[in-house]
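Derivation of every value follows stated rules applied to the coordinates shown; laboratory data play no part. Keep in mind the model is a prediction, meaning the values are calculated, not measured. Heads up, the Cβs are rebuilt from the backbone with ideal geometry, glycines too, and the neighbour counts pull from every protein chain shown.
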Amino acid sequence: MPTEPRHAPSILVRFAAMAIVGGIATLIYAGATWAFVTRLGLPIVLASPVAYGLAAAWSYRGHRRLTFADREAGAGAAWRFSALTLAGYAASAVVPALASGWLGASPEASILIVCIAIPVLNYVVLSRHVFRGPRSKPPAAVPSAAGPLRG
């Protein structure tokens, strides 16, 4: 029996999902960076990209399962997400180096800059290039205990 295609969530629902997944990823990034710097004594330039990698693992899984669950992913999405992550990884190293090295900003200011700029850019790239279009096949129907409804 054919199933109806899954409808795309409203922009508000997608934004809320993006905020939840991204918020958790941001907390992972900020918390790990802070811990690496303050507890382990790592330099911010090393701590930031390591923490970014941890947050990226959560981010792909969360966005794939929640934010963009209605969109096609496939093997290409993982590669595009990896490219986005590498760009973010580079930015998470360059931004703190510029902010703390050249501008004399604190590690907290560097973390804040990364936490604001990268999520905004991620949403644009994720929505337009990583999880691009609707699923080609609708999700499988869950059979009802009562059987199919007849109209």
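Order the peptides 22-32, 102-112 from the highest to the lowest mean number of other Cβ atoms within 10 Å of their residues. Don't skip to the end; give the middle numbers.
On the way: 22-32: 18.5, 102-112: 15.0.
In descending order of packing, they fall as 22-32, 102-112.
What is segment 6-55 by shape, rounded, prolate or oblate, if you read a ≥ b ≥ c off the alpha carbon gyration tensor as root eigenvalues and call it rounded for a/c under 1.5, prolate for a/b larger than b/c, and oblate otherwise?
On the way: a/c = 5.06, a/b = 3.73, b/c = 1.36.
Verdict is prolate for segment 6-55.
Going by average Cβ density within 10 Å per residue, which order do the peptides 60-66, 13-19 take, highest to lowest?
Details: 60-66: 17.6, 13-19: 15.7.
Put in order of decreasing packing, that is 60-66, 13-19.
Can you pull the one-decimal nm distance between simple spin-label points at A57 and L42, each 7 Å off the Cα toward Cβ?
Going from the A57 label point to the L42 one covers 1.2 nm.
Starting from the Cα of V50, move 7 Å in the Cα-to-Cβ direction to define the label point; list residues of segment 83-116 whose amide nitrogen is under 18 Å from there.
Inside the label zone: 89-97, 107-108, 111.
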